[in-house]
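Enquirer: Just passing along the structure, written as structure tokens.
The values are calculated or read from the model by the stated rules, or taken from the named source; none is laboratory data. No experiment lies behind these values; they were computed from the predicted model shown. For neighbour counting, all protein chains shown are included, and Cβ atoms are generated from backbone atoms with ideal geometry for every residue, glycine included. All accessible areas refer to the heavy atoms of the entire protein, side chains included, with ligands and DNA or RNA removed. Shrake-Rupley method; radii C 1.70, N 1.55, O 1.52, S 1.80 Å.
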Amino acid sequence: MPDLTPTSPDAQDGGRDRALTPETLAVVAGRPARGADAQLNTPVSLTSTYMGGGSLTDPAGTALGYARFGNPTWSALEEALGVLEGGRALTFASGMGAVAAALHLVPAGGTVLLPHGAYNGTHALSQLLLEQQRLAVGLVDLTDLDGVRAALADAAGPTLLWVESPTNPLLEVADIAALTALAHEAGALVAVDNTFATPLLQRPLAAGVDVVVHSVTKFLSGHSDVVLGAVVLPPAGTPGADERHAVVLRHRTLHGAIPGPLEAFLALRGLRTLPLRLRQSQASAAELARRLQHHPAVTRVRHPSLPDDPGHELARRQMDGFGAIVSIEVLGSRTAADAVVDAVRLWVPATSLGGVESLIERRRRHASEPHVVPEDLLRLSVGVEDVEDLWRDLSRALDTIR
Ligand SMILES: *Cc1c(COP(=O)(O)O)cnc(C)c1O
């Protein structure tokens, strides 16, 4: 396989000494080696076992032998994700499988500090680990650096600071570099759930973050046909990273949270068009956010593209785009919000996000949703449909509650 780490000679741009852009890497990374009759795509490897004596190894370099330890289709996806994030990726059966493996980096008796608005599955899992007395759990406001510093100082045992930015679904933006500096000063590790931004919009490992997790289910796959996750660790040789890579790999192998080969194939196919999909979706998201601010049924719009959004300045510095998720609050609370979801025809009333089709959901309909999320908040995942069609359908649905 060509070496496509952005600094490798193969990744240089026609001898002009410039690394390939993420847009190009999304297309070229994770392919079989060039050669006569070579397949362009790594095929779906459907096997549970391998005959001995070959050269295939697991990500730790051990002879493969059995398919719970590794699979060439996973490796192709892991190579592409690793190149895009600037690290080493391990794929999992789901985003939650990846979250669980990352939380496992905290030894028993340690602490995880979570943002109050973190993904509800991450909240629920840390709550479970707390009930099992494996970890202590603290809640922090990531936009309050003094508060995070104090929580880090108070935390018992080895500590992991969990960062989401922008958060789901409040779209708060956290200062990843500042939080990483605070955590490292306190001897804590930092994890970033990069699902919302994707490596195209921000690369936390470059800011010194210790571990990145993804729900590959969302933007990376992009077609609402796959459930998959990934953990990405810094490049081999980074202090501490090799040990953590071994811990995460062992967790995957022994808990059996392994991806299906077909899912890995579909995710890599989806990843090829991530730059195009994201460009379209986030341009539409920004346009819809701008228009929604003036709709009489809307009381608040959350999207970092808006100049008066609390996260706007930070997102401009930290991200290469504002993302494709918009949250709105509507006049008349929960019933009105439900009525909007009932009234849309093009938008799909469904959970999840990051696919080519636009989805709308009142988040508090889930009992597990953190209560900092307003009852009337609707989360919009903007897909790649024509923005005028999306606007007509949404504004008409909002007109029904005025
Ligand atoms: C969906 C999601 C997850 C969980 O991923 P699954 O693939 O559903 O297991 C984790 N974090 C965020 C931010 C998500 O949106």
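Enquirer: With N denoting the number of residues in segment 274-336, provide Rg(C-alpha) divided by 2.2 N^0.38 Å, to two decimal places.
Expert: Numbers: Rg = 12.6 Å, N = 63, 2.2 N^0.38 = 10.6 Å.
Compactness ratio reported: 1.19.
Enquirer: Could you tell me what percent of the accessible area of segment 304-402 is made up of carbon and sulfur, with a 1.4 Å probe and every protein chain present?
Expert: Numbers: 2160 of 4270 Å².
Roughly 51 percent of what the probe reaches on segment 304-402 is carbon or sulfur.
Enquirer: Can you give me the angle between helix 120-131 and the longest principal axis of the chain, using Cα atoms only, in degrees from 0 to 90, rounded to the nearest 10?
Expert: 70
Enquirer: Also, quick follow-up: For the Cα atoms of the chain, what angle does the longest principal axis make with the long axis of helix 333-343, in degrees from 0 to 90, nearest 10?
Expert: Between helix and principal axis, roughly 70 degrees.
Enquirer: Could you give the angle, 0 to 90 degrees to the nearest 10, between helix 387-399's Cα long axis and the longest principal axis of the Cα atoms of the chain?
Expert: The angle comes out near 40 degrees.
Enquirer: Go ahead and set up a Gaussian network model of the chain, Cα springs under 10 Å, then flag whichever of L314, L160, L353 fluctuates most.
Expert: Among L314, L160, L353, the largest GNM mean-square fluctuation belongs to L314.
Enquirer: With an 8 Å Cα cut-off and a minimum separation of 6 or more residues, compute the relative contact order for the chain in percent. All intermediate terms of the calculation are to be shown ahead of the outcome.
Expert: Values: 826 pairs, mean separation 61.5, N = 402.
This gives 15 percent for the chain.
Enquirer: Ok, one more. Ignoring ligands, DNA and RNA, please state the percent of accessible area on segment 72-271 from carbon and sulfur, probe 1.4 Å.
Expert: On the way: 3640 of 6400 Å².
So the carbon and sulfur contribution to the accessible surface is 57 percent.
Enquirer: How many percent of Cα pairs in segment 72-271 exceed 30 Å? Intermediate values should be presented prior to the final figure.
Expert: Values: 2557 of 19900 pairs.
Roughly 13 percent, rounded to a whole number.
Enquirer: Give the Rg/Rh ratio for the chain, taking Rg as the radius of gyration of the Cα atoms and Rh as the Kirkwood radius, to two decimals.
Expert: Working: Rg = 21.2 Å, Rh = 21.8 Å.
Reported Rg/Rh (Cα atoms, Kirkwood Rh): 0.97.
Enquirer: Whole-Hz Karplus ³J(HN,Hα) for segment 317-332, in order, using 6.51 cos²θ - 1.76 cosθ + 1.60 and θ = phi - 60°, x for Gly and Pro?
Expert: 6, 8, 10, 9, x, 9, x, 10, 10, 10, 10, 10, 10, 10, 4, x
Enquirer: Based on alpha-carbon positions alone, could you give the equivalent ellipsoid semi-axes of segment 274-399 from the gyration tensor, as √(5λ), descending, whole Å?
Expert: Values: eigenvalues 88, 58, 41 Å².
After scaling each eigenvalue by five and taking roots: 21, 17, 14 Å.
Enquirer: Calculate, for segment 274-399, the solvent-accessible area per residue in square angstrom, rolling a 1.4 angstrom probe over the heavy atoms of the protein chains. Spell out each step's value before the answer.
Expert: Values: 5260 Å² over 126 residues.
Value returned for segment 274-399: 42 Å² of accessible area per residue.
Enquirer: What's the extension gain from L40 to R365 if we count 0.36 nm per residue and subtract their Cα-Cα distance? Kindly include the intermediate steps, with their values, before the conclusion.
Expert: Numbers: separation 325, 0.36 × 325 = 117.00 nm, distance 4.42 nm.
Here the segment from L40 to R365 would lengthen by 112.6 nm.
Enquirer: How would T351, T217 line up by accessible area, probe 1.4 Å, largest first?
Expert: Numbers: T351 65, T217 25 Å².
Correct descending sequence by accessible area is T351, T217.
Enquirer: To the nearest 20 debye, what is the magnitude of the charge dipole of segment 313-402 about its Cα centre, counting +1 on the Cβ of each Lys and Arg and -1 on the Cβ of each Asp and Glu?
Expert: Numbers: 12 positive and 16 negative charges, 57 e Å.
My answer is approximately 280 debye.
Enquirer: Please report the antiparallel percentage of the DSSP beta bridges confined to the chain, to the nearest 5. Could you put the intermediate results ahead of the total?
Expert: On the way: 25 of 44 bridges.
That works out to approximately 55 percent antiparallel.
Enquirer: With +1 on the Cβ of every Lys and Arg and -1 on the Cβ of every Asp and Glu, and nothing else charged, how large is the dipole of the chain about its Cα centre, in debye rounded to the nearest 20?
Expert: Numbers: 33 positive and 44 negative charges, 102 e Å.
With only Lys, Arg, Asp and Glu charged at Cβ, the dipole is about 480 debye.
Enquirer: For E388, E243, write out the residues from largest to smallest accessible area, computed with a 1.4 angstrom probe and no ligands counted.
Expert: On the way: E388 75, E243 120 Å².
The ranking, largest first, comes out as E243, E388.
Enquirer: For segment 47-183, what is the percent of antiparallel DSSP beta bridges, rounded to the nearest 5?
Expert: 20
Enquirer: Moving on. Express in Å², to the nearest 10, the accessible area of T335 obtained by rolling a 1.4 Å probe over the protein heavy atoms while all chains stay in place.
Expert: Surface accessible to solvent at T335 totals approximately 100 Å².
Enquirer: Further question on the same structure: When the chain is treated as a GNM, springs tying every alpha-carbon pair under 10 Å, which of G222, G147, G383 comes out with the largest mean-square fluctuation?
Expert: Of G222, G147, G383, the Gaussian network model singles out G147 as fluctuating most.
Enquirer: Leaving ligands and nucleic acids out of the surface, order V99, V372 by accessible area at 1.4 Å, largest first.
Expert: So, going from the largest accessible area down, we get V372, V99.
Enquirer: Determine the equivalent ellipsoid of segment 95-208 by diagonalising the alpha-carbon gyration tensor, then write out the semi-axes as square roots of 5 times the eigenvalues, largest first, rounded to whole Å.
Expert: Details: eigenvalues 77, 55, 33 Å².
Working from the Cα gyration tensor, I get semi-axes of 20, 17, 13 Å.
Enquirer: Over segment 72-271, give the accessible area per residue in Å² for a 1.4 Å probe, as an integer. List each step's numbers first, then the result.
Expert: Numbers: 6400 Å² over 200 residues.
That works out to 32 Å² for each residue.
Enquirer: So, in Å, what gap is there between the alpha-carbon centers of segment 103-170 and segment 212-278?
Expert: 22
Enquirer: Shifting gears a bit: Enter the accessible area of D225 (Å², nearest 10), with the probe set to 1.4 Å and all protein chains included.
Expert: Per-residue accessible area (D225): approximately 80 Å².
Enquirer: To the nearest 10 square angstrom, how much accessible area does S94 have with a 1.4 angstrom probe?
Expert: About 30 Å², ignoring ligands and nucleic acids.
Enquirer: Fully extended, how many nm does the chain gain between D342 and T62 (0.36 nm per residue separation, minus their Cα-Cα distance)? Intermediate results must be reported in sequence, preceding the final value.
Expert: Details: separation 280, 0.36 × 280 = 100.80 nm, distance 5.33 nm.
Separation in residues times 0.36 nm, less the Cα-Cα distance, equals 95.5 nm.
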